[in-house]
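A short write-up of the structure that comes next.
The values are calculated or read from the model by the stated rules, or taken from the named source; none is laboratory data. This is a predicted model, so every value here is computed, not measured. Using ideal geometry, Cβ is built from the backbone for each residue, glycine included, and neighbour counts are taken over all protein chains shown.
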Amino acid sequence: MLTFGCKLRELRKKTKMTLQEFGEVLGVSVNSVYRWEHDKSYPRKYMLEAMAKYYNVTIEWLLSDNTVASLVSKDEDELLNRLRKIPKDDINKVRGYLDSMVDGKV
């Protein structure tokens, strides 16, 4: 089970931020961030909203006991859901288009 603190720590590390840097973004002390990451205390709702917005995740995901280790943003989740609706016959077209976008040919 991934706790709130584990998720917050992974998000912070994913962006290569220190405790102090993340605290400065939120306007809180290093000690506050440390306590949240170690599940010793929990932020208020407005702070959860700021964290979710900053990391482009939902508050529900932050607070859930979801055991999925990957950190998927709301944008990525939306794209995945849309991709799942594409008919199998068209998947290769989408793959080709994405490849050309990534290679800078579009």
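Exactly one residue out of 36, 61 is surrounded by 13 or more Cβ atoms within 10 Å (Cβ to Cβ), among the aromatic types (Phe, Trp, Tyr), under 19 Å from residue 1 (Cβ atoms) and within 16 Å of the chain's Cα centre (by Cα), and it is 61.
Yes or no: segment 42-52 includes at least one residue that is of a type outside the set (Phe, Trp, Tyr), at pLDDT 95 or above and not in a helix (DSSP H, G or I). The answer is yes, given that some residue of segment 42-52 is of a type outside the set (Phe, Trp, Tyr), at pLDDT 95 or above and not in a helix (DSSP H, G or I).
Listed by first and then second residue, the pairs linking a residue in segment 40-57 that is assigned by TED's automatic domain parsing to the domain that holds residue 28 and more than 12 Å from residue 4 (Cβ to Cβ) to a residue that is among the charged types (D, E, K, R) and at pLDDT below 95, with Cβ atoms under 8 Å apart and 6 or more places separating them unless they lie on different chains, are 56/74; 56/75. When you scan segment 95-105, do you find a residue that is more than 25 Å from the chain's Cα centre (by Cα) and modelled with pLDDT under 85, even just one? Yes, that holds for at least one residue. Scanning segment 83-106 for residues that are surrounded by 10 or more Cβ atoms within 10 Å (Cβ to Cβ) and in a helix (DSSP H, G or I) returns 83, 91, 93, 94, 95, 96, 97, 98, 99, 100, 101. For segment 64-82, taking the residues that are among the acidic types (Asp, Glu) and either loosely packed, with under 10 Cβ neighbours inside 10 Å or touching a Ser or Thr at 6+ places or on another chain (Cβ under 7 Å) (or both), the one that is modelled with the lowest pLDDT is identified as 65. Within this structure, residue 28 fails the test of being surrounded by 15 or more Cβ atoms within 10 Å (Cβ to Cβ), in contact with a Gly (Cβ under 7 Å, 6 or more places away or on another chain) and outside the structural domain of residue 78 (by TED's automatic domain parsing). With respect to the stated conditions, residue 12 fails to be surrounded by 13 or more Cβ atoms within 10 Å (Cβ to Cβ), at pLDDT 90 or above, part of a helix (DSSP H, G or I) and more than 17 Å from the chain's Cα centre (by Cα).
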